[in-house]
Each structure stands twice: as C-alpha cells, then as structure tokens.
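Structure, as structure tokens:
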Amino acid sequence: MSQEDIFEKVKQEFTAYLIAKGHRKTPERYMILKHIYTLNDHFDIDFLYNSINSERPVVSRATLYNTMELLVDSNLVIKHSFGANMSHYEKAYNNDNHLHLICTICGDIKEIKDHNIKDVIQSKKLSKFALSHYSLYIYGVCNKCAKLTTKKRTSQAKK
C-alpha cells in the first residue's frame, strides 16, 4: 500500500470519526494528520509544531494539542509516555507492532521488530480479552551513553 493510499484511508477514517463526534472538519486538522503520516519516527508536540510551522506559522499550539487529542481518541495516533513527563506520539495505522528501546540517560528511542516476542504475545490466550495491538517498553542505556559513562569513569579514576 502506497503512502498516498494509506493517507486516503486514514483521512476517510478521521472524517468518519469527526462526523460521528460532531467535530468540525478543518483544513488545519487534515494538514496535521497528513504531516504526521509522512513521519517515520516518534515525535513530540514541540517537534511537530516546529516542523509544521518551519516556513511560516500555519497552526497554533492550541489547534495542534486539540487535534492530537482527536487523533489519539480516533486511534489514528498512539500516545506514549516514556518518562520524563513528555508524551511522544506515532502514527497508528499500518504500523506493525514493535518494541521500544528507551535510553534512561539521553532519552533516545529506538524501535525494533522481534517476531519471536510477537509470536509469544499472539499465542497467549488472554481470558476475556481480545488483543488488538501491543507496545512493549524496554528501558536501559544506549551504546553511545554507555561509552560516554565508561569514558568519564576512566578519566575520573586516573585523577
């Protein structure tokens, strides 16, 4: 499925959601949705605000926050709280289940797909629960931060 096909499907779902909930269908909301579905990584509100308004102000922060609430509620965007009191988001439609590796020092987030874990989760019989998707957070220290920490310890030990 092409990126344009995905966006058209998502746009249809968002339109149906807006109509069902009695919300207005504004050009700004659709622009935000389209922009999100061009991104391939996690993002926070500040990144999204700056990337949308990089050339000239187009969308206010209030519009962005309100639209993000609607997109999360419509299940077209997933909201993550990885820690540090900042929410991160990612597109939900056509986005395979994956694991999140979160560095506890620099906050970097990496995604990996692990078919072994996927098979284990899907094979679980969950009583009175229909699995739709999952998200797994793994916290630790990335290689870059581990090297810097080791380098600092080494230099302090030489003093």
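The values are calculated or read from the model by the stated rules, or taken from the named source; none is laboratory data. Nothing here was measured: the structure is a model prediction, and the numbers come from that model. Methodologically, a virtual Cβ is constructed for each residue, glycine included, from the backbone with ideal geometry; neighbour enumeration extends over all protein chains shown.
Here are the numbers for the structure shown:
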quantity: Total residues in the range 121-159, condition in a helix (DSSP H, G or I), of a type outside the set (D, E, K, R) and surrounded by 10 or more Cβ atoms within 10 Å (Cβ to Cβ); calculated: 7
quantity: Single residue of the range 109-159 satisfying the filter (among the charged types (D, E, K, R) and touching a residue at least 12 places away in the same chain (Cβ under 8 Å)) that is farthest from N94 (Cα to Cα); calculated: K144
quantity: Flag if N66 is in contact with a Phe, Trp or Tyr (Cβ under 6 Å, 6 or more places away or on another chain) and more than 15 Å from D44 (Cβ to Cβ); calculated: no
quantity: Sole residue being part of a loop (DSSP other than H, G, I, E, B) and more than 30 Å from A146 (Cα to Cα), chosen from R29, R56; calculated: R56
quantity: Test result for L76, touching a residue at least 24 places away in the same chain (Cβ under 8 Å) and crowded, with 18+ Cβ neighbours inside 10 Å; calculated: yes
quantity: Among (1) in contact with a strand residue (DSSP E or B) (Cβ under 9 Å, 6 or more places away or on another chain); (2) assigned by TED's automatic domain parsing to the domain that holds L136; (3) not small (G, A, S) - the single one Y37 does not satisfy; calculated: (2)
quantity: Search result, residues across the range 32-53 that are aliphatic (A, V, I, L, M) and either at pLDDT 95 or above or part of a helix (DSSP H, G or I) (or both); calculated: I32, L33, I36, I45, L48, I52
quantity: Selection count, the range 27-57, where residues are surrounded by fewer than 16 Cβ atoms within 10 Å (Cβ to Cβ) and hydrophobic (A, V, I, L, M, F, W, C); calculated: 4
quantity: Any hit, the range 103-120, residues being surrounded by 16 or more Cβ atoms within 10 Å (Cβ to Cβ), part of a strand (DSSP E or B) and not assigned by TED's automatic domain parsing to the domain that holds I32; calculated: yes
quantity: One residue from T67, T63 being touching an Asp or Glu at 6+ places or on another chain (Cβ under 6 Å), farther than 27 Å from L136 by Cβ, surrounded by 13 or more Cβ atoms within 10 Å (Cβ to Cβ) and not aliphatic (A, V, I, L, M); calculated: T63
